[in-house]
Amino acid sequence: MSTAEILRPAFRPARIVCEQCGTSVDAACNCGAPYVPAGKRAEAAVAREPHKSDRAIAAELGVSQPTVSRARRATDTNVSVAKRVGRDGKARKPPAARMPARPLERVEPAPDLERDPLADQTEKELDYLCGNTDKACRRLEAYVAAQPALSNQGRALIVEYLQRMANKYMALAQELDGRSTS
C-alpha cells in the first residue's frame, strides 16, 4: 500500500432525500424523482413548523443547525413566534435580534480655529472613500435590479454583507470617537 493511499481521506457521499419516496441515501435511489437539498427541506420544515427551534428541526431532518438557521432567515414566511419548542419539548423565547450600534453625533469644529492642512487632506481622502462607497452601492443596486429572480438566499447574502460593512464603519467611528466597546 502506498503512502498516497494511506493519506487519502475517505470519500463520504452526501446524504440526500428523494422527493417522491422519501428515501434517505448516500448515493441514489432508482425512482427517478429529483432530490431535495438539505436547505430546501429545512425551508419547508421552518415554513410548516415555525414554532419549533432550529435545533429541533435539524434533529428531525438530520441536517445541521446552521442549515436550518439559514433557511429560517431566507424564508419569506420568517414568522416571529413568541416561543419556540426545543428538542426537549420546552418552550423558550427565540434569540433576540442584535441591537444596532447607536448613531454618532456629528462633531463640528470650533468656528474660531484655523483648519490645519492634515484636516484638509483627511477631508479629501474621506470624499474619495465616500465616492467609492457610493459607486459600490449603485453597482449593487444595479446588480439586484438586473436579477429579478434573485433568490431569498441571494438577498440574505447581500443583506448580511451590507450589515457587516455597516458594523465595520460604526466600530471604526466609535473607536475614533473614543467610544470603542473593545
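We did not get these values from a lab; they are worked out from the coordinates using the rules stated. Small disclaimer: the values here were computed from a predicted structure and weren't measured. With ideal geometry, Cβ positions are generated from the backbone for all residues, glycine too; neighbour counts draw on all protein chains shown.
Quick notes on this structure:
- The stretch 117-177 shape via C-alpha gyration tensor axes, a/c threshold 1.5: oblate
- Net charge of neighbours whose Cβ lies under 10 Å from the Cβ of Pro50, counting Lys and Arg as +1 and Asp and Glu as -1: +3
- Amide H partners (placed H, <5 Å) of Lys52, local residues excluded: Val85
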